[in-house]
Amino acid sequence: MAPTTSLKIFSLIIFSFTIIEMTKGGDPDILTDFVIPPNLSATNITGSFFTYTALRTLKGTPTFSVTKVSMAEFPALNGQSVSYAVLQYPAGTANPPHVHPRSAELLLLLDGTLEVGFVDSTANNKLYTQTLEAGDIFVFPKGLVHFQYNSDAKETALALSAFGSANAGTSSVPKALFATDIDDEVLAISFKTDVATIQKLKAGLA
């Protein structure tokens, strides 16, 4: 077996055990083995209910793309305190600053390189950054602003993220600030700039 293949298999094993630990601090416990959706009955549940197959058709993308596997896409995750996301980064693309309010994120880089980082909640808002290579794992603590960036001008990057919640939630910082109805004056004062600059930022996200 090639060293690269061995490394990937080892990384996936470690990744899986870590997810088990993450689920211990996730969503509220349920009182049954699993949650049956209202439109189904116990007699209708088969192995296919616990199987998610949409990633079989995963294709390349010209822009940054997230394919979520959360409770919304995979109802069997309800009550199981775990979910995944496949992240695809074409050359020179980024996953903009965002937060997951209900879970930490454990990212395993499968291919390529990534610049990643998060900002803590101390008074100094310290930034922690790292350059990841294939096989590396990085944790983004729960609720903190974080990002990923593929700085390679030619090569793509591929990552798998795991969450200790069936519905970790995502709030994009740029969209939350500049693609909502927050008053322009409030934003201008907050960012110590003028309304015209705020309106330009909003137009760029429209």
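For region 36-49, the criterion of a residue being in contact with a Leu (Cβ under 9 Å, 6 or more places away or on another chain), closer than 23 Å to Q148 by Cβ and not basic (K, R) is satisfied by no position.
From the list E115, E155, E185, the lone residue that is in contact with a strand residue (DSSP E or B) (Cβ under 8 Å, 6 or more places away or on another chain) and not in a loop (DSSP other than H, G, I, E, B) is E115.
Look at region 78-106 and say how many of its residues are in a strand (DSSP E or B), of a type outside the set (S, T, Y) and in contact with a Phe, Trp or Tyr (Cβ under 8 Å, 6 or more places away or on another chain). Selection size over region 78-106: 10.
Among residues of region 142-164 that are open to solvent by less than 60 Å² (accessible area, probe 1.4 Å), those with a beta-carbon under 6 Å from a residue that is in a loop (DSSP other than H, G, I, E, B) and β-branched (V, I, T) at least six positions away or on a different chain give the pairs N150/T93. For region 118-134, filtering for residues that are open to solvent by 80 Å² or more (accessible area, probe 1.4 Å), of a type in the set (A, V, I, L, M) and modelled with pLDDT of 95 or more leaves 1.
Filter region 102-117 for residues that are more than 13 Å from L87 (Cβ to Cβ) and within 11 Å of the chain's Cα centre (by Cα); which is most open to solvent (accessible area, probe 1.4 Å)?
Going through the qualifying residues, I end up with A104.
If the requirement is being touching a residue at least 40 places away in the same chain (Cβ under 8 Å) and either at negative phi or of a type in the set (D, E) (or both), which of these qualifies: A168, A203, A123?
None of the other options fit; the residue is A168.
Entry remark, region 1-59: residues being surrounded by fewer than 12 Cβ atoms within 10 Å (Cβ to Cβ), among the β-branched types (V, I, T), modelled with pLDDT under 65 and closer than 19 Å to S70 by Cα number 1 in total. Annotation note: of D181, D194, the sole residue that is at pLDDT 95 or above and more than 17 Å from the chain's Cα centre (by Cα) is D194. P174: at pLDDT 95 or above, touching a helix residue (DSSP H, G or I) at 6+ places or on another chain (Cβ under 9 Å) and assigned to a strand (DSSP E or B), yes or no? Answer is no for this residue. Would you be able to tell me the number of residues in region 76-95 that are open to solvent by 60 Å² or more (accessible area, probe 1.4 Å) and out of contact with any strand residue (DSSP E or B) (no Cβ under 6 Å at 6 or more places or on another chain)? The qualifying residues number 1. Of the listed requirements (1) modelled with pLDDT of 95 or more; (2) open to solvent by less than 70 Å² (accessible area, probe 1.4 Å), K68 misses just one: (2). What do you reckon, is S171 open to solvent by 40 Å² or more (accessible area, probe 1.4 Å) and closer than 30 Å to F50 by Cβ? For S171, the condition - open to solvent by 40 Å² or more (accessible area, probe 1.4 Å) and closer than 30 Å to F50 by Cβ - is met.
The values are calculated or read from the model by the stated rules, or taken from the named source; none is laboratory data. The structure displayed is predicted, hence computed values, not measured ones. A quick note on method: Cβ atoms are made from the backbone with ideal geometry, for glycine too, and the neighbour counts reach across all protein chains shown. What goes into the accessible areas is simple: the full protein's heavy atoms, side chains included, and nothing from ligands, DNA or RNA. Shrake-Rupley method; radii C 1.70, N 1.55, O 1.52, S 1.80 Å.
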